[in-house]
Amino acid sequence: MSGVEYKLTRMRRRTLVLTVRGGKVEVKAPLGVSAEVIDRFVESKRGWIEARLKEKEANYPSLQSGKTLLDAGQERPVTYGALQNGESDAGFMFKDILSVRRYFERTRGPILIEALYAQSKRTGLYAEDVKLCDFKARWGSCGEDKRIKLNWRLVMLPVPLRDYVLIHELCHLKEMNHSAAFWREVQKWCPDFRGCRKQLKSFGFLTLLYRR
């Protein structure tokens with residue numbers, strides 16, 4: 001048995017897939033693959049797994065422990081158990097963890113929509129509709145119906161990273177793929193998109209926070 005603890009899910013698929021999210025290791029495996037093969041696969045990825053787990057621990061420890069929140073890239077103190085949700089110069093005050101989403105969508109959601117519209121005016125790319133969602137593993141999506149969905153936690157990111165995601169989704173209105181043509185379009189409006197993509201990875205843990 002592998003020395004790495006992991007959650008195993010068997011399903012109809014052809015390959016083994018390993019992910020590290022929220023400090024937990026998950027493996028998706030084809031129905032007929034033996035436990036021994038799965039263990040060897042996980043063990044072969046031990047170095048990568050340990051690096052990802054350490055990376056998570058190093059990213060904003062106060063944020064991950066619930067002592068602070070990110071607001072447009074700025075870390076601010078937060079307390080829970082308040083009679084009503086609000087904020088002051090001293091930080092945020094919430095009734096409970098689920099109040100974070102409701103408050104941020106109400107107070108920062110309109111700013112996010114305005115930011116998307118500003119990028120639309122720059123690029124000339126306009127969505128049919130925009131909706132804030134609670135994605136678990138992505139920052140946004142754009143459907144063939146030209147409707148864009150944005151993770152509400154985008155309001156927590158530093159503005160350059162937030163805008164990169166907005167540009168990324170808008171460019172899908174022109175190129176519904178991740179082809180070379182798509183990335184050229186992204187680069188036209190976000191020259192440092194590679195740097196933004198790299199930085200964005202360090203904030204991936206946010207998508208797992210503020211849930212039940």
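Residue by residue through segment 168-174, what is 3J(HN,Hα) from phi via Karplus (6.51 cos²θ - 1.76 cosθ + 1.60, θ = phi - 60°)? Round to whole Hz and write x for glycine and proline.
Whole-Hz 3J(HN,Hα) from phi for segment 168-174: 3, 5, 5, 5, 5, 5, 9.
What order do you get for 145-154, 161-170 when each peptide is scored by the mean count of other beta carbon atoms within 10 Å, highest first?
Those peptides, ordered most packed to least, come out 161-170, 145-154.
By per-residue mean of other Cβ atoms within 10 Å, what is the highest-first order of 66-73, 107-114?
For the peptides 66-73, 107-114, the packing ranking is 66-73, 107-114.
With only Lys, Arg, Asp and Glu charged, each at its Cβ (+1 for the first two, -1 for the last two), find how big the charge dipole of segment 106-208 is about the Cα centre; round to the nearest 20 debye.
320
So if we plug the beta-carbon distance of Ala180 and Arg106 into 1/(1 + (r/R0)^6) with R0 = 30 Å, what FRET efficiency do we get, rounded to 0.05? Before the final figure, lay out the partial values.
Working: r = 40 Å, r/R0 = 1.34.
Result of the calculation: an efficiency of 0.15.
If you wrap a convex hull around the alpha carbons of segment 161-212, what volume per residue comes out, as a whole number of Å³?
Spelled out: Cα convex hull of segment 161-212, divided by residues, is 90 Å³.
When the Cα atoms of segment 52-189 are enclosed in a convex hull and the volume is divided per residue, what value in Å³ results?
Looking at segment 52-189, the number lands at 126 Å³ per residue.
For segment 56-96 and segment 4-26, write down the distance between their C-alpha centroids in whole Å.
Between the Cα centres of segment 56-96 and segment 4-26 lies a distance of 31 Å.
What is the Cα convex hull volume of segment 8-91 when expressed per residue in Å³? Provide the component values of the computation, followed by the final result.
Working: hull volume 12.3 nm³, N = 84.
Convex hull of Cα atoms, per residue: 147 Å³.
Starting with the fewest neighbours, write out Ser65, Ser44 ranked by other beta-carbon atoms found within 10 Å of each beta-carbon.
Starting with the residue having the fewest Cβ neighbours, the order is Ser65, Ser44.
Let me know the number of lysine pairs in segment 33-120 closer than 19 Å at the Cα, not counting same-chain pairs under 8 apart.
Close lysine pairs found across segment 33-120: 4.
Classify segment 114-158: rounded, prolate or oblate, from the alpha-carbon gyration tensor (a ≥ b ≥ c, eigenvalue square roots; a/c under 1.5 rounded; otherwise prolate if a/b is larger than b/c)?
oblate
Could you name the lysines whose alpha carbon sits less than 21 Å from that of Lys149, not counting residues in the same chain fewer than 8 places away?
Lys121, Lys131, Lys136, Lys174, Lys201
Quick note: the coordinates plus some simple rules give every number you see, no bench work behind them. All values reported here derive from a predicted model rather than from experimental measurement. FYI the Cβ positions are ideal-geometry reconstructions off the backbone, even for glycines, and counts take in every protein chain you see.
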